[in-house]
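These notes are about the structure you will find just below.
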Amino acid sequence: MYLTNAEERILSGQNGEVMERMFRLLVRLGEIYGADKMIPVSSAQVAGVSYKSIGDPGIEFLEDYAGKDAKVRIVTFLNPSGMDIEDWQKLNFPPGFAEKQLRIMNAFKKMGIVVSATCTPYLAGNLPRFREHIAWSESSAISFSNSVIGARTNREGGPSALAAALTGVTPNYGLHLDENRKPQMVIEVDANLEDSADFGAVGYVVGKQVKNRIPYFRGIKDADTDHLKALGAAMAASGAVALYHMEGMTPEAHLMETKGLETLTVADKDVEETFSKLSTGKQADIVILGCPHSSLREIMTVARKLEGKKLKKPLWICTSRMVKEAANRMGFTEMIEAAGGKVVADTCMVVSPIEDMGYKTTAVNSGKAANYLPGFCKQSVIFGRLDNILAQVTE
Ligand code: F3S
């Protein structure tokens, strides 16, 4: 792998211990995957933020780096943390957990990382352009940036994204290269998809079949960016899919050849079967929306649906801090709170400790959350379209 003189100097420790360790990690990755060189990246998104995921060893690691004056070189955002950093008390997050989570956020802040903890950085002030190289690590954000925006990122782990943030480069392999972005399977969608949950159900089914390959979708007549983020998130969760193309919708689709590829058809019955397969619960203790983190449009939709209603159980709608600020200004937060719900920032249903907060059955409209909640949070799940999910907790 070719390294510049400046990169050789980093590797020999001339820029300090942290830079040497981080750069060595990138060189190792590059060697494993056959990269020819390092390429600059314009932004990073670092996963491994919740105390629930990284525990005490993670705090020690981050505080060690922050204490050694490690500073990021490019715009770097965080994946969701384990709690709402401002409203954790009101939401009844355990104080012991909160104390650890705040230490994690302080360490990241010291490194110059924007302590906006979200899986939709592209909705919160970190929007790459078509073909821009980036190093992101949350699977739905990777899917959205590669597929819908046409930016280029591999599936970074927390450490490799942090290494890219600190050094400003990533090894040139995988999805950074044209030849690795071609579709490997065609998905004919013969189903009526209207709600984001429908797209999440399709994503779940397709991810299971495609597994780590690149699907090319045909037959989807209309989809907004919320639908596409729901589809990509579910596919990333069930099949580690980091890139998809969609005829007439995603920016690289028209450049792709699909002749001779294996075809899978998804029909209405697959969507309905997924709702029932992933629904293991009967009566929700809580409804949690916003996986991936909600857009302002999604918050507005929920706020309007809740007008004049009173919730009999808790409802959270998870989003980024930036989008929550916009929702506050538009009065949507107030409308949701008037019904008894909460707009929750910086965290989500999967990385927060909901299992320790008394919740056993969670209702969601997300294919990804429905897939992850049993394993990550010991939850029974109710998975369905927004109206059906809201009916669980409204009178
Ligand atoms: Fe985002 Fe959490 Fe879902 S990180 S994609 S809201 S599981």
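What the table shows:
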{"read-out": "Filter pass, K324 being over 30 Å from K221 (Cα atoms) and in contact (Cβ under 8 Å) with a residue 40 or more places away in the chain", "value": "no"}
{"read-out": "Options V202, V148: the member that is farther than 19 Å from S43 by Cβ, out of contact with any Phe, Trp or Tyr (no Cβ under 6 Å at 6 or more places or on another chain), at pLDDT 95 or above and hydrophobic (A, V, I, L, M, F, W, C)", "value": "V202"}
{"read-out": "Residue selected from the stretch 346-376 under the condition of a type in the set (A, V, I, L, M) and more than 12 Å from the ligand (Cβ to nearest atom), by the criterion least open to solvent (accessible area, probe 1.4 Å)", "value": "A363"}
{"read-out": "Options I299, I288; residue that is part of a strand (DSSP E or B) and in contact (Cβ under 8 Å) with a residue 24 or more places away in the chain", "value": "I288"}
{"read-out": "Set E337, E298, E307: member being closer than 28 Å to V46 by Cα and acidic (D, E)", "value": "E298"}
{"read-out": "Strands (runs of 3 or more DSSP E) lying entirely in the stretch 23-121 (those with 2 or more residues that are of a type in the set (A, V, I, L, M), more than 15 Å from the ligand (Cβ to nearest atom) and open to solvent by 40 Å² or more (accessible area, probe 1.4 Å))", "value": "none"}
{"read-out": "Selection from the stretch 126-165 of residues that are touching a Gly at 6+ places or on another chain (Cβ under 8 Å), within 16 Å of the ligand (Cβ to nearest atom), under 15 Å from V241 (Cβ atoms) and open to solvent by less than 20 Å² (accessible area, probe 1.4 Å)", "value": "S140, S143, F144, S147"}
{"read-out": "The stretch 300-322, residues that are within 14 Å of the ligand (Cβ to nearest atom) and crowded, with 24+ Cβ neighbours inside 10 Å", "value": "I317, C318, T319, S320"}
{"read-out": "Selection count, the stretch 198-225, where residues are under 15 Å from R385 (Cβ atoms) and either open to solvent by 10 Å² or more (accessible area, probe 1.4 Å) or over 16 Å from the mean Cα position of the chain (by Cα) (or both)", "value": "4"}
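A quick yes/no check of all residues on (1) farther than 30 Å from I286 by Cβ; (2) under 25 Å from the mean Cα position of the chain (by Cα); (3) touching a residue at least 60 places away in the same chain (Cβ under 8 Å):
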residue	(1), (2), (3)
E8	yes, no, no
A47	no, yes, yes
S53	no, yes, yes
F61	yes, yes, no
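The values are calculated or read from the model by the stated rules, or taken from the named source; none is laboratory data. Just so you know, these numbers come straight off a predicted model, no measurement behind them. Because the Cβ atoms are built from the backbone with ideal geometry, glycine has one as well, and the counts that use them run over all protein chains shown. With ligands, DNA and RNA removed, areas are computed over all heavy atoms of the protein, side chains included. Shrake-Rupley method; radii C 1.70, N 1.55, O 1.52, S 1.80 Å.
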